[in-house]
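Peer 1: Have a look at the structure that comes next, please.
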Amino acid sequence: QVQLLESGGGLVQAGGSLRLSCAASESIFRFNAMAWYRQAPGKQRELVAGITSGGITNYPDSVKGRFTISRDNAKSTVYLEMNNLRPEDTAVYYCAAAPKGGNAYWGQGTQVTVSS
């Protein structure tokens, strides 16, 4: 069972930055893609950034230009650099790993709170 451990969340003022980390218990080479999702209270979980095994990234318009996903295969870790944070970015952020077959793995989540 793959384990994903997120860290780096916290409280930040609007306009500030945070860097989230997702450490996997095994090599992330085996996954087709890694991604970050978020879920705010009363809302559905939504994708905020994805990166394929080949390094191709994708972002929704809501975070494009502010968030950057990256991966360090040697450390089996995926990062989410978040800049110019807004109160609407407040949510629990989850790391996900999509294997070549089967269901995705999820981390426990890390809270990000942006104050106005």
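The values are calculated or read from the model by the stated rules, or taken from the named source; none is laboratory data. Being a predicted model, the structure only gives us computed values, none of them experimental. Backbone-built Cβ (ideal geometry, glycine too); neighbour counts: all protein chains shown. To get the accessible areas, we keep the full protein, side chains included, count just its heavy atoms, and leave off ligands, DNA and RNA. Shrake-Rupley method; radii C 1.70, N 1.55, O 1.52, S 1.80 Å.
Peer 1: Within the stretch 1-12, restricting attention to residues that are in a strand (DSSP E or B) and in contact with a Leu (Cβ under 8 Å, 6 or more places away or on another chain), which residue is surrounded by the most Cβ atoms within 10 Å (Cβ to Cβ)?
Peer 2: The selected residue is GLU6.
Peer 1: Using the structure shown, decide if GLU26 is within 21 Å of GLN1 (Cα to Cα), without any contact (Cβ under 8 Å) to a residue 60 or more places away in the chain, open to solvent by 30 Å² or more (accessible area, probe 1.4 Å) and over 15 Å from the mean Cα position of the chain (by Cα).
Peer 2: So GLU26 passes the test.
Peer 1: Same structure again: Answer yes or no: is there a residue in the stretch 41-57 that is in a loop (DSSP other than H, G, I, E, B), at pLDDT 95 or above and open to solvent by less than 70 Å² (accessible area, probe 1.4 Å).
Peer 2: No, because not a single residue in the stretch 41-57 is in a loop (DSSP other than H, G, I, E, B), at pLDDT 95 or above and open to solvent by less than 70 Å² (accessible area, probe 1.4 Å).
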